[in-house]
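Input: a single structure, listed below in structure tokens.
The values are calculated or read from the model by the stated rules, or taken from the named source; none is laboratory data. What you see is a predicted model; the values in this text were computed from it and never measured. Positions of Cβ are backbone-derived with ideal geometry, glycine not excepted, and every protein chain shown enters the neighbour counts.
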Amino acid sequence: MTASSDRASPNTSATTASSARALRQVISADQILKRVRELGRQISDDYRGQTVVALGILENSFVFMADLVRAVDVPIVCTFIKPRYKQMSHGEAPLLEIFFSHELDIQGKHVLLVEGLVHSGVTTEFLMSDLKARGAASVKLVTLLDRQSARRVPLQPDYFGFLVDEAFLCGYGLGSPEQTERNLPYLAAAA
């Protein structure tokens, strides 16, 4: 199995040139494609007659967002943001500050926040609250992967592709610890 292969059997292990780590396929390229098309139809039905601002969270969402927006058949504006984090210590409890710049005017617009993976939900919840405070007509969340077992806030995606429990996944836009493997057409975990 090579990283450029379109398909693999569910039990296939892959070793990439950039890593000696063996990977096992968790979700196939065909499963992803089918689910992305289903999500596109559902989002199109929900936003019929409206224009959507798809706001992708970098880096993990870029491949998913590219495929998703092609599956949506309502007018769509695509843009991306990249949150930055700063760890600060205030007294005894560390404080995590989240920064992002968002120059697009969203006042009165329908925003679809696009994530590759929702883990703790802290950043996503912050971004959704901020977008609502900026006057968006609506803010909904779509994620390819939802790791509910890791959630630290009461956040439920409006649309999700797959529920996952694996500690670490890469491929289909998600990077390995070395930030490689984003180009795999499937999702994989350490074998």
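Here are some notes:
- Total residues in segment 108-134 satisfying the condition of being modelled with pLDDT under 95 and assigned to a loop (DSSP other than H, G, I, E, B): the figure is 4.
- Screening I98 against (1) at pLDDT below 90; (2) in contact with a Cys (Cβ under 6 Å, 6 or more places away or on another chain) leaves a single unmet condition, (2).
- Single residue of segment 107-139 satisfying the filter (of a type in the set (D, E) and either within 16 Å of F80 (Cα to Cα) or exposed (fewer than 15 other Cβ atoms within 10 Å of the Cβ) (or both)) that is farthest from the chain's Cα centre (by Cα): D130
- Single residue of segment 47-71 satisfying the filter (of a type in the set (S, T, Y) and buried (at least 19 other Cβ atoms within 10 Å of the Cβ)) that is nearest to V114 (Cα to Cα): S61
- The one condition in (1) outside any helix (DSSP H, G or I); (2) in contact with a Leu (Cβ under 8 Å, 6 or more places away or on another chain); (3) at pLDDT 95 or above that F80 fails to fulfil: (3)
- Taking the listed residues S4, S19, S9, S44, the one that is hydroxyl-bearing (S, T, Y), surrounded by 14 or more Cβ atoms within 10 Å (Cβ to Cβ) and at pLDDT below 95 is S19, with no other qualifying.
- Pairing residues of segment 156-171 that are closer than 18 Å to E59 by Cβ with residues that are part of a loop (DSSP other than H, G, I, E, B) and among the polar types (S, T, N, Q), at Cβ distances under 7 Å and at least 6 apart in sequence or on separate chains, gives C170/S176.
- Among the residues making up segment 140-167, a single one is of a type in the set (A, V, I, L, M, F, W, C), modelled with pLDDT of 90 or more, loosely packed, with under 14 Cβ neighbours inside 10 Å and not in a strand (DSSP E or B): V153.
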